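First comes the structure, then the notes that go with it.
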Amino acid sequence: MSNTNKFITEICAEQGITCLSLSGGYILRMTRDGQTRHVYGNYWDLNSAAADRLACDKCGCYALLNASGVPAIEHTLIYNAAKRAAYTPEEGSFLFALDYLKKHNNRVVVKPNQGTQGRDVFYCDSPLSLEQALLTVFAADPDAVLSPYMEIGTEYRVFYLGGKAHFMYGKARGDSWKHNLASGATAFEFKDAELEDRLSKLALRAAQAIGITFASIDIAEFTDGSLAIMEINSGVMANRLVEQLPHLRPMIKALFAEAIERLFKPKRIAGAVGLQV
C-alpha cells in the first residue's frame, strides 16, 4: 500500500468515513452521510476535469500560464507524425525540432507532453541525441514537448490546496541533472520567509491561472534568483518525500485530512436554477 493510501485509510478510519479499496488499491471510494467521493491513483475528486487536463498537458498548461503573465519554463509541442492523422510541418516535423535545437544553442530538454515523475526526460545537445530522445518518447506517447535547457539552482515543490500554499520543500540534485526524487534528488527543508512568500505567491498565481484546487506545483529557482513554474501536478503524492523525510508525515497527513474534509463539504448552490458551483 502506498503512503498516499495509508494516509487516506487512516484518516477515514479516524473520521468515520467508509473507505473501500478497489483495483488493487488504485481506486479508493469514500462514503460519508450519503456522499461518495473518490481518489483515483494520486488524482483527487477535488479538481474540475478541465483543470486536471490542463495540469497534465505540459504544453497547454504553459500556454495558459504564459497568457496569464505567470513566469513559466517554455514547453513547445511537437507531434508524433506516425500517430497523428494530420499535422503541420511547423508543429510536427523533425526539421522543426532541429530548428528549435539550433535556436537554443544545442541545449534542449525533450519529454512526453503528459509524462510524470521524470519518465523519459532527456537532455539533448546534438541532432543525434535529439533524434534518439524523440524516438524514445514517440514509442510510447503521441506527443512530445521541447524546452530550452536552463541552469536551475534549486527546484521547489509547493503543496497547494484551496487557495493557499500549505507547505513546501526543496529538491537538490544527486548524480542526475534532474530534480526528481525518483531520479536520485534529495528532499530538504528550508527556512527563508522571503523565499517562502515568493514561492507561495507564484504558486497561487499559477493555480488560479488554470483554476485548480489541489495540486503540487514545481518551481525552478535560477542562478540569478528568479523563479518560474516548471509544471503543475494534479496528481498529488508524497511517497518518496515521506521516505526521505519521515518526520514530515504528520504535516502531509494533515494536508490530506483537509483535502478529504473538502471532498465532503456541501456544494454551494448558485441562484434559483440549482446550478452547483
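The values are calculated or read from the model by the stated rules, or taken from the named source; none is laboratory data. Remember, it's a predicted structure, so these values are computed and weren't measured experimentally. Neighbour counts are summed over all protein chains in view; Cβ atoms, including those assigned to glycine, are modelled from backbone coordinates with ideal geometry. Please note that ligands, DNA and RNA were not included when accessible areas were found on the heavy atoms of the full protein model with its side chains. Shrake-Rupley method; radii C 1.70, N 1.55, O 1.52, S 1.80 Å.
Strands (runs of 3 or more DSSP E) fully within region 137-243 that include at least 2 residues being β-branched (Val, Ile, Thr), touching a Phe, Trp or Tyr at 6+ places or on another chain (Cβ under 7 Å) and at pLDDT 90 or above: 214-222. For region 211-249, how many residues are of a type in the set (Val, Ile, Thr) and either closer than 18 Å to Asn5 by Cα or open to solvent by 30 Å² or more (accessible area, probe 1.4 Å) (or both)? The number of residues fulfilling the criteria is 4. Being of a type outside the set (Lys, Arg), more than 29 Å from Gly41 (Cα to Cα) and touching a residue at least 40 places away in the same chain (Cβ under 8 Å) is true of Ser226.
Only a single item in (1) modelled with pLDDT under 95; (2) surrounded by fewer than 19 Cβ atoms within 10 Å (Cβ to Cβ) is not met by Ser126, and it is number (1).
Checked against (1) within 20 Å of Leu255 (Cβ to Cβ); (2) among the hydroxyl-bearing types (Ser, Thr, Tyr); (3) over 16 Å from the mean Cα position of the chain (by Cα), Ser21 meets all criteria but (1).
A quick yes/no check of all residues on (1) in contact (Cβ under 8 Å) with a residue 24 or more places away in the chain; (2) not aliphatic (A, V, I, L, M):
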{"site": "Tyr100", "(1), (2)": "yes, yes"}
{"site": "Asn105", "(1), (2)": "no, yes"}
{"site": "Pro112", "(1), (2)": "yes, yes"}
{"site": "Val121", "(1), (2)": "yes, no"}
{"site": "Pro127", "(1), (2)": "yes, yes"}
{"site": "Leu135", "(1), (2)": "no, no"}
{"site": "Asp141", "(1), (2)": "yes, yes"}
{"site": "Glu151", "(1), (2)": "yes, yes"}
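Of a type in the set (D, E, K, R) and either open to solvent by less than 30 Å² (accessible area, probe 1.4 Å) or at pLDDT below 95 (or both): which single residue out of Glu74, Glu91 fits that description?
On the way: Glu74 fails: either open to solvent by less than 30 Å² (accessible area, probe 1.4 Å) or at pLDDT below 95 (or both).
Matching residue, one of Glu74, Glu91: Glu91.
Being surrounded by 18 or more Cβ atoms within 10 Å (Cβ to Cβ), within 20 Å of the chain's Cα centre (by Cα), farther than 19 Å from Tyr160 by Cα and touching a residue at least 12 places away in the same chain (Cβ under 8 Å) is a condition met by at least one residue of region 50-69. For region 35-43, the condition holds for at least one residue, the condition being that it is part of a loop (DSSP other than H, G, I, E, B), closer than 28 Å to Phe256 by Cα and at pLDDT below 95.
Within region 114-134, the presence of at least one residue that is of a type in the set (D, E, K, R) and under 17 Å from the mean Cα position of the chain (by Cα) is confirmed. Taken over region 250-277, the criterion of being open to solvent by less than 40 Å² (accessible area, probe 1.4 Å) and either modelled with pLDDT under 90 or hydroxyl-bearing (Ser, Thr, Tyr) (or both) is satisfied by Ala270 alone.
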